[in-house]
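Working notes, beginning with the structure itself.
Here, each number is a calculation from the coordinates, and none is a lab measurement. Since this is a predicted model, take the numbers as computed values, not measurements. Every residue, glycine as well, gets a Cβ built from its backbone with ideal geometry; the counts of neighbours run over all protein chains shown.
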Amino acid sequence: MEPPESVPNAPPLVPGTLYLVATPIGNLEDITFRALRVLRGCDVVAAEDTRHSGRLLQHFGIQKPLVSCFRFNEARRGAELIERLKGGQIVALVSDAGTPGISDPGQRLVAAAREAGVRVEPVPGACALVAALTASGLPTEEFHFVGFLPHKSGQRARRLQELSALPGTLVLYESPFRIQRLVEELTLAMPEREVVLARELTKKFEEWLRGRPAELATRLAERPRKGEFVVLVAPAGEGNEVDLSLEMGRDQDPEGK
Ligand code: SAM
């Protein structure tokens, strides 16, 4: 039997509300009932990439007008969207994956909406940082979300030095093109820390790698991996017993992607 796509007595959507709708980070099953209800019930979907989100909507049989809202038009598009919201329209904001506003467009629009007295409601769901942190085994009671480091070498080195002084687990995002570089930078900035690489979360070739930065750098050099990574760094003094037997992958990804 197909599961129901709503729960009894779900409150109706509120006109004039900006809904921040989280979407899957790789596994379409991670969409929520409420996300689908908001996407079905809104007047317009504001998307980081309209083609990408159009495919997501199509998968769930949803047809809605889409407008783009990405880093370089967020200010101008935001003003248009706020006018629509003030006129009573319901706007759903989505990014390419995960939670809007987390290393993705959204924060400026939300700030402008609140400034304009527009109602904002989160529709929580997938977020790579939460998925990686909670399943990493590293301390969760205090953590620092860094997102992406700057691109320039000097700035990265300085930032990593600053971060090494912070308590709690560090959580970084990194692209597959710079993962080797980041792990090598960690060998200089935080050589004794336990590092966890959470790769391709929620996807078929999800994989977890853990060890000291130098060990991980060697392993990535031996077998480069593609795909998306969250990089977690244990607090100083934690995880001195790095147990490599804890490492696991769902399947061995033959192409390392
Ligand atoms: N808004 C998203 C969220 O809620 O997590 C993050 C978007 S940010 C542009 C993309 C980065 O998130 C990737 O470079 C990677 O660091 C991380 N990421 C997203 N999906 C991931 C996944 N399935 N596995 C591992 N990391 C992922």
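With contributions of -39500 (n - 2.57) from each DSSP H run of at least four residues, the per-residue ellipticity at 222 nm computed over the chain stands at -9500 deg cm²/dmol. Beta-bridge orientation, the chain: approximately 50 percent antiparallel, per DSSP, counting only bridges with both partners inside. Ranked from largest, the principal axis spans of the Cα set of the chain equal 56, 46, 32 Å.
Order these by the 10 Å Cβ neighbour count, fewest first: HIS151, HIS52. Walk me through the numbers before you get to the answer.
Details: HIS151 8, HIS52 15.
In increasing order of surrounding Cβ atoms, one gets HIS151, HIS52.
As a proxy for reagent exposure, ranking THR140, THR169, THR32 by other Cβ atoms within 10 Å from fewest up yields THR140, THR32, THR169. Full extension of the chain between GLU83 and ALA135 gives 14.6 nm of extra length, using 0.36 nm per residue less the Cα-Cα distance.
Calculate, in nm to one decimal, what ALA236 and PHE60 gain on full extension: separation in residues at 0.36 nm each, minus their alpha carbon distance.
Length difference between fully extended and current span is 58.9 nm.
Of the residues ALA217, ALA126, ALA165, the one that moves most in a GNM of the chain with alpha-carbon contacts below 10 Å is ALA165.
The mean sequence separation of alpha-carbon pairs under 8 Å and at least six residues apart, normalised by the residue count of the chain, gives a relative contact order of 18 percent. The label-point distance for ARG51 and GLU142, in a model that sets each label 7 Å from Cα toward Cβ, rounds to 4.6 nm. Once the chain from GLU115 to PHE72 is taken as fully extended at 0.36 nm per residue, the excess over their C-alpha distance is 13.5 nm. For the stretch 128-248, the Kirkwood estimate of the hydrodynamic radius, built from every pair of different alpha carbons, is 14.1 Å. With Rh defined as the Kirkwood radius, the inverse of the mean 1/r over Cα pairs, the Rg/Rh of the stretch 17-123 is 0.93. Taking all Cα pairs closer than 8 Å and separated by 6 or more residues, the relative contact order of the stretch 1-138 comes to 38 percent.
With contacts taken as Cα pairs under 8 Å and at least 6 residues apart, the stretch 128-248 reaches a relative contact order of 31 percent.
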